[in-house]
């Protein structure tokens, strides 16, 4: 039986997803999130997010829809909310946790 306090993590070294507009994606990740664009192949945009290389590839078909999260250390959460709140609307956080 596994100890309930044991936490397993999966490290994602590289994540490649499609997007319909590379230029708009690059603007968001560089101007809003202030990430530095990494070298990548034509038709792609890459960013280093912590230990993960995030790659967007342009697609001509469909409108892909993804959701992923960037983990923020608990002791930096309020600072992160203030920082991103200056750039865009933030959903309110409720509760005590």
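Annotations for the structure displayed:
- Candidates 73, 64, 20, ranked by Gaussian network fluctuation over the chain, Cα under 10 Å, top entry: 73
- DSSP bridge pairs, the chain: antiparallel proportion in percent, nearest 5: 55
- Computed over the chain, the per-residue total of -39500 (n - 2.57) for DSSP H runs of n ≥ 4 gives a 222 nm mean residue ellipticity of -4000 deg cm²/dmol, rounded to 500.
- Look at (i) 0.98; (ii) 1.03; (iii) 1.49: the one that is Rg/Rh (Cα atoms, Kirkwood Rh) derived from this structure is (ii).
Taken together, the values in this text are just the output of simple stated rules run on the coordinates, not laboratory data. All values reported here derive from a predicted model rather than from experimental measurement.
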